[in-house]
Amino acid sequence: MEHAIVLKPEILGFYNINVAGFALKNLPITNTLLVSWLAMIILIIISLVATWKLKAVPSKLQNFFEMIIEFGYQTVEDLSGSKKAKVFFPIVMTFFLFILTANWMGLLPGFGTLTLSQKPLLRSINSDLNMTLALALVSAALTHIFAIKYLGLGNYLKRWFSLQLFPVFLFVGFLEIISEITKVISLSFRLFGNIFAGEVVLSTVSSIFAFVVPLPFYFLEIIVGFVQAAVFMMLTLVFMVILSEKHAAEEH
């Protein structure tokens with residue numbers, strides 16, 4: 001199977017939504033959207049299994065999931081503090097688990113090979129720039145919402161528009177706005193580029209060597225999938241922490 005950089009996913013069909021008289025027609029169902037639904041279903045099932053009949057003396061399965069959650073929470077708490085960790089942790093951990101699940105699902109047999117109407121039925125969602133851009137935009141939006149929550153609207157606006165030492169701080173605010181835009185671009189393209197490149201490598205190697213040789217590359221992609229999920233989570237957390245803290249000048 002030959003790969004090209006395709007920003008637009010393959011459309012498998014269309015569906016309509018009609019809720020309380022509000023209708024949306026001909027919404028496309030893409031192969032990446034389908035896989036994102038499957039990833040969500042898997043995470044929901046895992047969460048139900050992990051929290052089913054919790055015991056004071058945890059079973060091996062419960063202990064495994066508690067270890068993951070405790071390690072993640074401790075990491076967030078170390079960076080953001082105990083108060084903010086309670087707010088930030090559910091968000092960044094959801095990013096991590098969703099991206100990790102999606103990345104590893106893309107390594108399963110059938111991705112890129114099963115077809116529907118001569119179109120790939122399954123495609124790794126993070127090899128679709130639409131998906132990674134959506135994740136980056138959600139990350140950026142939540143970051144600014146939390147900044148307003150912790151700083152207040154006035155102090156938040158002072159980050160971007162300040163007349164002190166005019167026009168120096170105003171120019172600095174403009175640079176920070178540009179920086180926020182580049183954060184979205186960086187988050188989306190980093191995730192997209194690494195996952196898509198992995199798909200191309202695996203497809204190329206698998207088309208040349210059917211057995212044994214592709215195994216090290218699959219192992220490498222398992223690591224890359226984990227690292228990219230962790231990087232997205234940690235960058236989102238760092239952005240939230242930095243933007244929700246007052247500047248030294250504002251504290252005096």
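Is it fair to say Leu215 is under 25 Å from Leu100 (Cα atoms), in a helix (DSSP H, G or I) and within 25 Å of the chain's Cα centre (by Cα)? No, not satisfied. Taking the listed residues Gly193, Gly198, the one that is modelled with pLDDT of 85 or more and either surrounded by fewer than 17 Cβ atoms within 10 Å (Cβ to Cβ) or not aromatic (Phe, Trp, Tyr) (or both) is Gly193, with no other qualifying. Restricting attention to segment 218-244 and to residues that are in a helix (DSSP H, G or I) and among the polar types (S, T, N, Q), the residue that is surrounded by the fewest Cβ atoms within 10 Å (Cβ to Cβ) turns out to be Gln228.
Based on what the data block shows, is Ser36 at pLDDT 85 or above, more than 17 Å from the chain's Cα centre (by Cα) and among the hydroxyl-bearing types (Ser, Thr, Tyr)? It is false that Ser36 is at pLDDT 85 or above, more than 17 Å from the chain's Cα centre (by Cα) and among the hydroxyl-bearing types (Ser, Thr, Tyr). What is the one condition in (1) among the aliphatic types (A, V, I, L, M); (2) within 30 Å of Ser117 (Cβ to Cβ); (3) not in a helix (DSSP H, G or I) that Ala39 does not satisfy? Ala39 satisfies every listed condition except (3).
With respect to (1) at pLDDT below 85; (2) under 22 Å from Ala134 (Cβ atoms); (3) more than 20 Å from the chain's Cα centre (by Cα), the lone exception for Ile11 is condition (1). For Lys8, the criteria (1) under 28 Å from Ala141 (Cβ atoms); (2) part of a helix (DSSP H, G or I); (3) charged (D, E, K, R) hold in every case but one, which is (2).
Looking across segment 73-90, the residues that are surrounded by 18 or more Cβ atoms within 10 Å (Cβ to Cβ) and either of a type in the set (Lys, Arg) or under 18 Å from the mean Cα position of the chain (by Cα) (or both) come down to Thr75, Val76, Lys84, Phe88, Phe89.
Looking across segment 19-64, the residues that are in contact with a strand residue (DSSP E or B) (Cβ under 8 Å, 6 or more places away or on another chain) and more than 20 Å from Ser127 (Cβ to Cβ) come down to Ala23, Leu24, Lys25, Asn26, Leu27. Cβ separations smaller than 8 Å between residues 6+ apart or across chains give the following pairs from segment 169-183 residues that are within 14 Å of Leu157 (Cβ to Cβ) to residues that are charged (D, E, K, R): Gly173/Arg159; Glu176/Arg159.
Between Ser117, Ser186, Ser207, Ser179, the distinction of being of a type in the set (S, T, N, Q) and surrounded by 12 or more Cβ atoms within 10 Å (Cβ to Cβ) belongs to Ser186 only. Whether any residue in segment 82-90 is touching a Ser or Thr at 6+ places or on another chain (Cβ under 6 Å), of a type outside the set (D, E, K, R) and touching a residue at least 60 places away in the same chain (Cβ under 8 Å) is what I want to check. Looking through segment 82-90, at least one residue is touching a Ser or Thr at 6+ places or on another chain (Cβ under 6 Å), of a type outside the set (D, E, K, R) and touching a residue at least 60 places away in the same chain (Cβ under 8 Å).
In segment 120-150, the residue that is surrounded by the fewest Cβ atoms within 10 Å (Cβ to Cβ) out of those that are aliphatic (A, V, I, L, M) and outside any helix (DSSP H, G or I) is Leu121. Here is a check on your reading of the model: is Phe174 among the aromatic types (Phe, Trp, Tyr), farther than 30 Å from Leu202 by Cβ and out of contact with any strand residue (DSSP E or B) (no Cβ under 6 Å at 6 or more places or on another chain)? For Phe174, the condition - among the aromatic types (Phe, Trp, Tyr), farther than 30 Å from Leu202 by Cβ and out of contact with any strand residue (DSSP E or B) (no Cβ under 6 Å at 6 or more places or on another chain) - is met. The set of residues in segment 40-91 being at pLDDT below 90 and of a type in the set (Asp, Glu) consists of Glu66 alone.
Among residues of segment 30-66 being without any contact (Cβ under 8 Å) to a residue 24 or more places away in the chain and surrounded by 13 or more Cβ atoms within 10 Å (Cβ to Cβ), the one that is nearest to Met105 (Cα to Cα) is Ile46.
The values are calculated or read from the model by the stated rules, or taken from the named source; none is laboratory data. On a predicted model such as this, the values are computed, not experimentally measured, just so you know. Don't worry about glycine lacking a Cβ; one is built from the backbone with ideal geometry, like all the others, and counts go over all protein chains shown.
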